[in-house]
Amino acid sequence: MTKKIVVTGIGASTPLGGTAPESWDALLAGVSGARTLEHDWVAEYDLPVTFAAEAKVRPEEVLARPVSKRLDPSSQFALISAMEAWADAGSPDVAPERLGVDYATGIGGLWTLLDAWDTLRERGPRRVLPLTVPMLMPNAASAAVSMHFEARAFAHTVASACASSTESLVNAFNHLQEGLADVVIAGGTESAIHPITIASFSSMQALSRRNDDPASASRPYSVDRDGFVMGEGAASLVLETEEHAIARGAKIYGEVVGGGVTADSYHITANDPEGRGASRAVHLALAQAGATPDEVTHINAHATSTPVGDPAEYTALRNVFGDRVHEIPVSATKASTGHLLGGTGALEAVFTILALRDRIAPPTINISELDPAIPLTVSGTAQPLGSGPQLAISNSFGFGGHNAVVAFRSV
């Protein structure tokens, strides 16, 4: 029996705001979260990129010190967004054995790992914190969320680079369909704005170098795009069976109707230029939703603002939708938030579900001139979605050839 799976709570800590509503309002207003980095290490290492989209509200401003001291920043953001989502869902009354966690990160506790390495080199092994490994492990965020909410059905972790948290949402949908839980907290997190990642991505020529104008640096689909902007934060969604949500009188944002996960098996960093794996992920999501490409009314694109990545995604979408892709309102929200790596899919899922709720496609800022090779329907202002039934997809693609797509339907 196919169950309806609904979204009843959302939470986010992002470069645009400390909560999901703050982030959504800033996104609709065309705000950019990218700013010049005010850290001594930028000059110390003579970094070629001096800006990023750091979270607007630092986690230590939200969490009690005893809690934050035992968690890497990535886990701190995860817990903050999960707490918001749980409260937004009305703090569901669910047996611990029927509550699960599907969470994700692309990198994990990077700051903990590298700070511990510095401590070891400079002060010796006895000064390395005993909680270093529990704080740096990739499943630390999932564990922290699970323990905070006493979720005992399961606590799964996905690490599929930039597709991670979309894949976790697909897993949550399937776990609920399989009857493994009644409620799942799903999402993703990342806190990897660090000298080593900036230096590494810069060496790959992947980052924008608009140091003089960070706010306009991320410009998906623009002819003058020159790379992505690193972002930071987390987003969480509470998913549950419709039966469970209705029984407790929960508000419902929308329905999760399908997901698709594939692999390119093409290159460790580059997308398959034919978009075959990405196209298949979209087809799988729509097939699970029992929908056709003609029913899709909105796309939240992966759209990182890289010269190679944006055209590859367009090719994939063209494979699925044909010429109709030029008529579907598309949003490339990384233009405002930067790229949250493993947390980006969950955040864009939050934006997609809110787009369906409010019947509006968020703006894509910073397009000076639309690349004629990517003739999508994008706009610097919000686009209306109409009053009829809405079906949207949110795309995420990651290093290693990971592709994940999740589909949502309005209620």
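This table checks each residue for (1) farther than 16 Å from Ala53 by Cβ; (2) surrounded by fewer than 22 Cβ atoms within 10 Å (Cβ to Cβ); (3) under 22 Å from the mean Cα position of the chain (by Cα).
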{"residue": "Ala289", "(1), (2), (3)": "yes, no, yes"}
{"residue": "Ala312", "(1), (2), (3)": "yes, yes, yes"}
{"residue": "Glu327", "(1), (2), (3)": "yes, yes, no"}
{"residue": "Thr344", "(1), (2), (3)": "no, no, yes"}
{"residue": "Ala349", "(1), (2), (3)": "yes, no, yes"}
Checklist line | Pair list, Cβ under 9 Å, 6 or more apart: segment 381-404 residue under 16 Å from Leu356 (Cβ atoms), other residue open to solvent by 10 Å² or more (accessible area, probe 1.4 Å) and modelled with pLDDT under 95 | finding: none
Next item on the list: Check Ser23 against each of (1) farther than 27 Å from Val128 by Cα; (2) open to solvent by 20 Å² or more (accessible area, probe 1.4 Å); (3) part of a helix (DSSP H, G or I) and name the one condition it does not meet.
Entry: (2)
Check: Which one of the conditions (1) among the hydrophobic types (A, V, I, L, M, F, W, C); (2) surrounded by fewer than 19 Cβ atoms within 10 Å (Cβ to Cβ); (3) not in a loop (DSSP other than H, G, I, E, B) does Leu47 fail to meet, given that it meets all the rest?
Finding: (3)
Checklist line | Matching option when the condition is in contact (Cβ under 8 Å) with a residue 12 or more places away in the chain, in contact with a His (Cβ under 8 Å, 6 or more places away or on another chain), crowded, with 21+ Cβ neighbours inside 10 Å and assigned to a loop (DSSP other than H, G, I, E, B), among Ala192, Ala181 | finding: Ala181
Next item on the list: Kindly indicate the residue of segment 207-236 that is among the small types (Gly, Ala, Ser) and either open to solvent by 10 Å² or more (accessible area, probe 1.4 Å) or modelled with pLDDT under 95 (or both) and also farthest from Gly309 (Cα to Cα) among those meeting that condition.
Entry: Ala215
Check: Can you tell me which residues in segment 321-341 are among the small types (Gly, Ala, Ser), more than 20 Å from Ala285 (Cα to Cα) and part of a helix (DSSP H, G or I)?
Finding: Ala335, Ser336
Next item on the list: Starting from residues that are in a helix (DSSP H, G or I) and without any contact (Cβ under 8 Å) to a residue 60 or more places away in the chain, keep the ones in segment 351-365 and report whichever is surrounded by the most Cβ atoms within 10 Å (Cβ to Cβ).
Entry: Ala355
Check: Out of segment 366-380, which residues are loosely packed, with under 12 Cβ neighbours inside 10 Å and polar (S, T, N, Q)?
Finding: Ser368
Notebook entry, point to check: If you go through segment 251-268 one residue at a time, do you hit one that is touching a Pro at 6+ places or on another chain (Cβ under 8 Å), closer than 25 Å to Ala186 by Cα and basic (Lys, Arg)?
Noted result: no
Notebook entry, point to check: Any idea how many residues of segment 294-317 are free of Cβ contacts under 8 Å to residues at least 40 places away in the same chain and either touching a Phe, Trp or Tyr at 6+ places or on another chain (Cβ under 7 Å) or part of a helix (DSSP H, G or I) (or both)?
Noted result: 1
Notebook entry, point to check: Just checking, how many residues over segment 78-113 are open to solvent by 10 Å² or more (accessible area, probe 1.4 Å), outside any helix (DSSP H, G or I) and closer than 30 Å to Ile198 by Cβ?
Noted result: 2
Margin query: Restricting to segment 170-203, name every residue that is aliphatic (A, V, I, L, M) and under 24 Å from Asp115 (Cα atoms).
Written below: Ala192, Ile193, Ile196, Ile198, Ala199
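The values are calculated or read from the model by the stated rules, or taken from the named source; none is laboratory data. Source: prediction; values computed, not measured. Glycine gets a Cβ as well: all are built from the backbone with ideal geometry, and neighbour counts include every protein chain shown. Ligands, DNA and RNA are excluded from the accessible area calculation, which covers all protein heavy atoms including side chains. Shrake-Rupley method; radii C 1.70, N 1.55, O 1.52, S 1.80 Å.
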